[in-house]
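The structure appears below as C-alpha cells.
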Amino acid sequence: MAMYDNQDVARIMQLVRPNIRQLKPYSTARDEYKGSIGIFLDANENPFNNGYNRYPDPRQMELKQMVSARKGIAVENIFVGNGSDEAIDLCFRIFCVPSKNNVIAIAPSYGMYHVSADINDVEVREVQLNEDFSLPVDALLEKADDNSKLMFLCSPNNPSGNSFPKEQIVRILNEFRGMVVVDEAYIDFSDSDSLLTILLQHPNLIVLQTLSKAYGLAALRLGLAFACKEVMSIFARVKYPYNINLAGMECAKQLLQRDINTEVAAIKQERARVIAALGSIPSVKKVYPSDANFVLVRVGDAHTMYDVLIAAQVIVRDRSHIKGCEGCLRITIGTPEENDRMLEILKKYEESHLY
C-alpha cells in the first residue's frame with residue numbers, strides 16, 4: 001500500500017512537463033480491448049504465422065509479472081525499458097523542459113546521465129564526490145534551485161564501486177524538491193539493501209535496475225525502472241508503443257527462471273580474491289572497496305598498464321582522464337581463469353621493470 005497522499009501526488013505531477021501532462025499517448029487496439037482475442041485484424045500484420053509476425057505486448061505484462069515476483073514490487077510500479085538508457089532518457093523527456101530546467105548529478109559517475117542531458121538540451125550541475133568517493137549531501141542540495149527537476153545518484157556507483165548510505169539518500173529524498181533517480185545497476189553485488197524497500201514511502205523516488213549485470217542478459221538490452229504508480233503510468237504513456245521486442249521478452253522470461261545467487265556469490269568471491277591479489281602488486285597504489293562486479297584501481301602509470309593489458313588481448317577501462325579518477329583503471333571481475341590471466345600479465349609487467 002502506498003504511504004503517500006494526494007498532496008504528494010499533486011506535487012509530483014507539477015514536476016512533469018506541461019505538454020507531457022496533457023499528452024494523449026498512442027494507443028493500439030490491443031491496449032483498448034482487454035478481453036480474449038482469437039482473430040487479429042487490427043494492426044495490419046502479415047497473417048501467416050512464423051513466430052514473429054505479430055507485434056509484441058506493448059505492456060510486457062508477463063515479463064513484468066515475473067519481475068514483480070522476483071522483486072516483490074507490484075506490476076503497476078514497474079517499467080521495462082530498452083536498457084536502462086531508455087529509462088534515463090524518459091526521465092529527461094518527462095520532467096525537464098529543454099533549455100530551462102536543470103539536473104543535479106554526482107561526478108565521477110555513469111556517463112549516460114550527461115549524454116542524455118546533452119541530447120535533451122538540459123543543463124547538468126555536477127557535484128564532485130569527496131576524495132574517498134563518499135556523498136557530499138550538503139553540496140548536492142545547495143546546487144538545486146527552482147528549475148532543478150532531477151538528481152541522479154548511482155549506488156553502487158560506477159566507476160568508484162561504493163554504495164551510499166541509505167540515510168543520506170533518504171535525507172535527499174526529503175529535502176530535494178525534484179525527482180531523485182537512484183541507479184542500482186550493481187545492487188545485486190552489494191550487501192546493502194535496495195531502495196525498493198522504501199519505494200512506496202517516497203513518490204519522488206525512481207529506482208533503476210538492469211538485467212544486464214547480475215542476471216547476465218546484457219545482449220537483450222532490458223532495463224527496469226520502479227516508482228510510484230502515477231510516475232510509472234507517465235512512463236508508459238511517453239515510451240514508444242513496442243519498445244521491447246518479442247524475442248527479447250521470450251528469452252528474458254526463460255532466463256529469469258534461473259537462480260543467479262550462485263553466480264553472484266562466485267563473482268563476489270572472485271572480487272575479494274582479485275582485490276587481495278592486486279593489493280600485492282607494487283605498481284598498484286590503491287584498490288578501492290567495491291560493492292559492484294568491478295574494482296577501481298589506482299596505479300602509477302595507467303596508460304602504460306592499459307596498453308600492456310591490451311597488447312595481451314585483455315581489455316579493461318581506462319578512467320584516468322576523469323576528474324577524481326586520475327591514474328585509475330576499472331577492472332571487471334571475470335571468471336577465475338580470466339582474472340588469473342589479467343593478474344599474470346600485471347605481475348609480468350612488474351617483473352620486466354618497465355614500470
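No lab work stands behind these numbers, since they all come straight from the coordinates. Because the structure is a prediction, the values reported are computed rather than measured. Please note: Cβ atoms are built from the backbone with ideal geometry, for glycine as well, and neighbour counts cover all protein chains shown.
Quick notes on this one:
- Listed from fewest to most Cβ neighbours within 10 Å, the set K34, K143 follows the order K34, K143.
- Shown for the chain: cysteine residues without a partner Cβ closer than 4.7 Å, namely C91, C96, C154, C228, C251.
- Where labels lie 7 Å past Cα in the beta-carbon direction, separation of E263 and Y52 in nm: 2.3 nm
- Anchor K34: lysines whose Cα lies under 28 Å away (excluding residues fewer than 8 positions away in-chain): K24, K64, K71, K229, K239, K253
- Look at the dipole of segment 6-255 built from charges on Cβ: of I244, F189, G83, the Cα furthest out on the positive end belongs to I244.
- Summarising the strand pairing of the chain, around 50 percent of its internal DSSP beta bridges are antiparallel.
- Pairwise label distance in nanometres, I119 with M61, each label 7 Å out on the Cα-Cβ vector: 3.0 nm
- When you filter the trypsin sites (Lys or Arg not before Pro) in segment 35-136 for DSSP loop state and at most 13 other Cβ atoms inside 10 Å of their Cβ, you are left with K100.
- Cα-projected label distance for R317 with R341, points at 7 Å along beta-carbon direction, nm: 2.0 nm
- Maximal additional length on extending the R273-D193 stretch stands at 26.5 nm, based on 0.36 nm per residue less the C-alpha distance.
- Ranked list, fewest to most other Cβ atoms within 10 Å of each Cβ, for M112, M3, M151: M3, M112, M151
- Student exercise, the chain dipole from Lys, Arg, Asp, Glu Cβ charges, in Debye to nearest 20: 580 debye
- Gain on full extension, evaluated as 0.36 nm per residue between Y4 and Q22 minus their Cα-Cα distance, stands at 4.1 nm.
- Considering helices alone, the calculated mean residue ellipticity of the chain at 222 nm is -11000 deg cm²/dmol, with DSSP H runs of length four and up weighted by -39500 (n - 2.57) and normalised per residue.
- Computed E for A107/Q201 - FRET, C-beta separation, R0 35 angstrom, nearest 0.05: 0.80
- Cβ-based exposure ranking for K323, K149, in which fewest neighbours within 10 Å come first: K323, K149
- FRET efficiency, 1/(1 + (r/R0)^6) with R0 41 Å, evaluated for S280 and V97 via beta carbons: 0.20
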